Amino acid sequence: MKSILRVGSLATFLIFTMSSFAPAPGATTGKYSYSYSPGLYYNPCAGEYIQLTGEVTVKGNWVSTNGVTSQTYRTNYGGIKGVGMTSGNKYVMNGTIVTKYKTADCDFTYKYNHYKLKLIGQGKAADVTFNATYTYDWDCTDFTFEYDYWQDCN
């Protein structure tokens, strides 16, 4: 009898847990992914442009319920390599940016909590960390925009 109760309790727990993470009835959901080439980045610590190679990958998902759509995506810079166009110094870039959107008929919110991208110099090349916080809100009458960007040289 105990083993039947345990199995029953586990099944109830799993059903409850799975249903609590499911979207609301009537919601539509989706996932997407794509990649792109990173191109050029300026390293102010070294005073040169860096030609980056590799693929930046973006993966996201969205849920839409009752006219409100929430979207989250991650932009991953892991494995990106670069060469200084003036010095020939080699670099590696890493970091992930998490971005969140929320939209409704007359409301739009866009937010980076905070992102950091590191451009790591190999050998004597200077490192730089790109930092930013970003929010954008619009409710059809009021517009709020906040952006803060800074670089740390190491």
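Values computed for the structure shown
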{"read-out": "Single condition Thr109 does not satisfy, out of (1) under 28 Å from Glu146 (Cα atoms); (2) surrounded by fewer than 16 Cβ atoms within 10 Å (Cβ to Cβ); (3) modelled with pLDDT under 90", "value": "(2)"}
{"read-out": "Pick from the range 137-147, criterion loosely packed, with under 13 Cβ neighbours inside 10 Å, of a type in the set (Phe, Trp, Tyr) and touching a strand residue (DSSP E or B) at 6+ places or on another chain (Cβ under 6 Å), ranking: nearest to Asn76 (Cα to Cα)", "value": "Tyr147"}
{"read-out": "Residue match in the range 123-136 (condition: farther than 22 Å from Ser37 by Cα, surrounded by fewer than 16 Cβ atoms within 10 Å (Cβ to Cβ), at pLDDT 80 or above and of a type in the set (Lys, Arg))", "value": "yes"}
{"read-out": "Inter-residue pairs, beta-carbon under 9 Å, first closer than 11 Å to Pro44 by Cβ and in the range 124-135, second of a type in the set (Gly, Ala, Ser) and not in a loop (DSSP other than H, G, I, E, B), 6+ apart", "value": "Val128/Gly121"}
{"read-out": "Which numbered condition Trp150 fails, given (1) closer than 20 Å to Lys102 by Cα; (2) exposed (fewer than 15 other Cβ atoms within 10 Å of the Cβ); (3) within 20 Å of the chain's Cα centre (by Cα)", "value": "(1)"}
{"read-out": "Yes/no for Tyr149 being modelled with pLDDT under 85 and in a strand (DSSP E or B)", "value": "yes"}
{"read-out": "Residues located in the range 53-78, provided they are more than 19 Å from the chain's Cα centre (by Cα) and closer than 17 Å to Tyr36 by Cα", "value": "Thr53"}
{"read-out": "Condition broken by Thr86, with the remaining ones in (1) closer than 30 Å to Thr28 by Cβ; (2) among the polar types (S, T, N, Q); (3) assigned to a loop (DSSP other than H, G, I, E, B) satisfied", "value": "(1)"}
{"read-out": "Residues located in the range 56-80, provided they are within 11 Å of Met93 (Cα to Cα) and surrounded by fewer than 16 Cβ atoms within 10 Å (Cβ to Cβ)", "value": "Gly78, Gly79"}
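The values are calculated or read from the model by the stated rules, or taken from the named source; none is laboratory data. Because the structure is a prediction, the values reported are computed rather than measured. Methodologically, a virtual Cβ is constructed for each residue, glycine included, from the backbone with ideal geometry; neighbour enumeration extends over all protein chains shown.
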